[in-house]
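Let me begin by presenting the structure, written as structure tokens, before commenting on it.
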Amino acid sequence: MSRIAVIGLDGSPRSPEAIELLEGAALVAGGKRHLEDLAIEPERAVSFEGDLSGALSRIETESGPVVVLASGDPGFFGIVRLLAEKFGSGALRVMPASSSVALAFARAGISWDDAVTVSAHGREPRRAVNVCRAHPKVAVLTSPDFGPAELAKELGGLGRTFVVAERLGRTEESVFRGDAAEVAGMKWEDPNVVLVLDEGRTARKKGWISSGIGSPERWALPEDQFEHRSGMITKGPTRAFVLSRLGPGPGDLVWDVGSGSGSVAIECARLGAAAIAVERDPESCARLRRNAERHGVDVPVVEGEAPDALRDLPEPDAVFIGGTGGAFEEIVKLCAARARRSVVLALVGLERVVPAGRILEGCGLTVESTFLQASPVEGVGAMRRVVPGSAVFVVCGSRT
């Protein structure tokens with residue numbers, strides 16, 4: 001028999017089995033609100049506080065049956081993981097209720113098999129924010145320190161719709177739908193769940209995998225998959241190498257500086273990262289937006305000249321520098337100072353390779369410089385020939 005029963009609560013009536021387990025428990029552990037709502041006697045109640053070590057010790061030393069109370073589905077970003085690590089999964093009898101995420105989407109009348117769920121509770125919130133930048137349908141489990149208002153402030157200007165579901169399953173439950181400015185200017189009650197929606201991209205065909213995050217069929221796409229100007233594009237083989245050094249994925253933010261056609265930013269977005277393209281040429285910005293729309297990704301375009309255009313951007317995990325103009329040193333230094341993981345430059349001229357490496361090393365990054373030349377084989381009548389490809393130097397600075 002399982003010694004610890006974990007009962008999820010969502011405001012609906014408890015089952016006869018749950019009632020029997022509660023009545024027979026020698027110890028009932030849970031949040032203060034749950035213990036008060038169920039009128040658990042103080043002598044057999046232990047409240048979850050701080051790092052939960054005190055409550056876990058009480059559970060460990062209790063010889064009788066134990067009930068743990070949790071919100072919604074305790075196996076979904078909940079306490080089941082911690083209890084299983086401490087006592088073993090065989091000691092648990094889990095009785096889930098509806099998760100807060102499922103309830104939030106139900107209240108909004110929106111399907112959620114293609115939604116991404118992220119948690120900002122006890123975790124670094126910037127990764128949750130970056131997922132909201134990249135994906136059209138995201139549920140965010142908030143925290144008292146990073147709630148709906150803070151999330152909306154980070155995402156202002158992106159045109160997202162917010163659904164804030166407060167205290168789900170309780171008599172004071174409320175659901176609010178609005179834009180970033182409205183949500184950022186209001187006060188919110190805990191606990192809550194926030195749905196962040198890009199309504200222009202949420203209508204998708206029926207899929208086969210939950211969360212909507214899947215790997216693209218191909219990456220390092222051929223140049224003809226992007227509209228570009230006179231061959232001014234990072235070529236596929238070079239792009240493959242650059243992407244391997246940027247390492248884009250869900251929760252990341254990548255800057256593409258001197259973006260041109262936007263091929264690198266778009267590839268990063270297709271791999272699940274959030275990407276921001278910075279480009280000074282208005283015609284290139286228009287092409288970039290068309291390319292992003294063609295590939296079904298959201299890549300905000302900052303139309304301006306680096307380094308000034310970079311100063312107010314959110315902190316990146318990785319930066320690709322495809323063009324710098326005359327402010328080479330200042331741009332590389334700024335990117336190296338801001339990037340959390342890596343800075344990658346594609347350079348045509350040899351004279352900038354060594355200076356780039358020195359700047360990155362001076363900013364504390366480990367430098368790797370590579371000369372790349374991919375030469376395709378093409379047919380000429382019945383013969384085949386190697387067509388010399390353009391050479392490029394790739395300089396990568398990484399934090400170790």
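Observations on the model:
- Entirely in region 53-123, the strands (runs of 3 or more DSSP E) that have 2 or more residues that are within 21 Å of residue 5 (Cβ to Cβ): 66-71, 92-95
- Residue that is farthest from residue 273 (Cα to Cα), among those in region 121-146 that are surrounded by 23 or more Cβ atoms within 10 Å (Cβ to Cβ) and among the small types (Gly, Ala, Ser): 139
- Residue within region 55-75 that is under 30 Å from residue 207 (Cα atoms), open to solvent by less than 20 Å² (accessible area, probe 1.4 Å) and under 31 Å from the mean Cα position of the chain (by Cα) present: yes
- Of all residues in region 147-156, those satisfying the criterion of being closer than 23 Å to residue 72 by Cα and either open to solvent by 60 Å² or more (accessible area, probe 1.4 Å) or part of a helix (DSSP H, G or I) (or both) are 148, 151.
- Of all residues in region 157-178, none are modelled with pLDDT under 95, open to solvent by 60 Å² or more (accessible area, probe 1.4 Å) and hydrophobic (A, V, I, L, M, F, W, C).
- Among the candidates 239, 245, 229, residue that is open to solvent by less than 60 Å² (accessible area, probe 1.4 Å), closer than 30 Å to residue 328 by Cβ and of a type in the set (Lys, Arg): 239
- Answer from 35, 69 - the residue that is touching a helix residue (DSSP H, G or I) at 6+ places or on another chain (Cβ under 6 Å) and aliphatic (A, V, I, L, M): 69
- The one condition in (1) in a loop (DSSP other than H, G, I, E, B); (2) of a type outside the set (A, V, I, L, M, F, W, C); (3) surrounded by 21 or more Cβ atoms within 10 Å (Cβ to Cβ) that residue 315 fails to fulfil: (3)
- Count of residues meeting criterion [within 17 Å of residue 129 (Cβ to Cβ) and either part of a loop (DSSP other than H, G, I, E, B) or open to solvent by 80 Å² or more (accessible area, probe 1.4 Å) (or both)] in region 182-206: 2
- Looking only at residues of region 41-54 that are acidic (Asp, Glu) and either over 30 Å from residue 116 (Cβ atoms) or open to solvent by less than 20 Å² (accessible area, probe 1.4 Å) (or both), we find that the one that is modelled with the lowest pLDDT is 49.
- Qualifying residues in region 187-232 (those that are modelled with pLDDT of 90 or more, out of contact with any Lys or Arg (no Cβ under 7 Å at 6 or more places or on another chain) and among the aliphatic types (A, V, I, L, M)) - the one nearest to residue 248 (Cα to Cα): 221
- Of all residues in region 232-249, those being touching a residue at least 60 places away in the same chain (Cβ under 8 Å) and either β-branched (Val, Ile, Thr) or in a loop (DSSP other than H, G, I, E, B) (or both) number 6.
- Residue pairs whose Cβ atoms lie under 7 Å apart, separated by 6 or more positions or on different chains, with the first residue in region 282-295 and part of a helix (DSSP H, G or I) and the second of a type in the set (Phe, Trp, Tyr) and surrounded by 20 or more Cβ atoms within 10 Å (Cβ to Cβ), are 291/226.
- For region 79-117, a residue qualifies if it is among the β-branched types (Val, Ile, Thr) and open to solvent by less than 20 Å² (accessible area, probe 1.4 Å), and the qualifying residues are 101, 116.
- Some residue of region 334-342 being within 26 Å of the chain's Cα centre (by Cα), part of a strand (DSSP E or B), closer than 30 Å to residue 153 by Cα and not small (Gly, Ala, Ser): no
- Considering (1) surrounded by fewer than 18 Cβ atoms within 10 Å (Cβ to Cβ); (2) part of a loop (DSSP other than H, G, I, E, B); (3) in contact with a strand residue (DSSP E or B) (Cβ under 8 Å, 6 or more places away or on another chain); (4) among the hydrophobic types (A, V, I, L, M, F, W, C), the lone condition that residue 209 does not fulfil carries the number (3).
- Counting only residues that are open to solvent by 70 Å² or more (accessible area, probe 1.4 Å) and of a type in the set (Gly, Ala, Ser), region 1-40 holds 1 of them.
- Output for region 351-384, where each listed residue is in contact with a Phe, Trp or Tyr (Cβ under 7 Å, 6 or more places away or on another chain) and not in a strand (DSSP E or B): 352, 353
- Residue within region 381-395 that is open to solvent by less than 30 Å² (accessible area, probe 1.4 Å), in contact (Cβ under 8 Å) with a residue 60 or more places away in the chain and over 21 Å from residue 231 (Cα atoms) present: no
The values are calculated or read from the model by the stated rules, or taken from the named source; none is laboratory data. None of the values given here were measured: they were computed from a predicted structure. So basically every Cβ, Gly included, is an ideal-geometry build from the backbone, and we count neighbours across all protein chains shown. We work out accessible area using only protein heavy atoms, side chains counted, and drop any ligands, DNA or RNA first. Shrake-Rupley method; radii C 1.70, N 1.55, O 1.52, S 1.80 Å.
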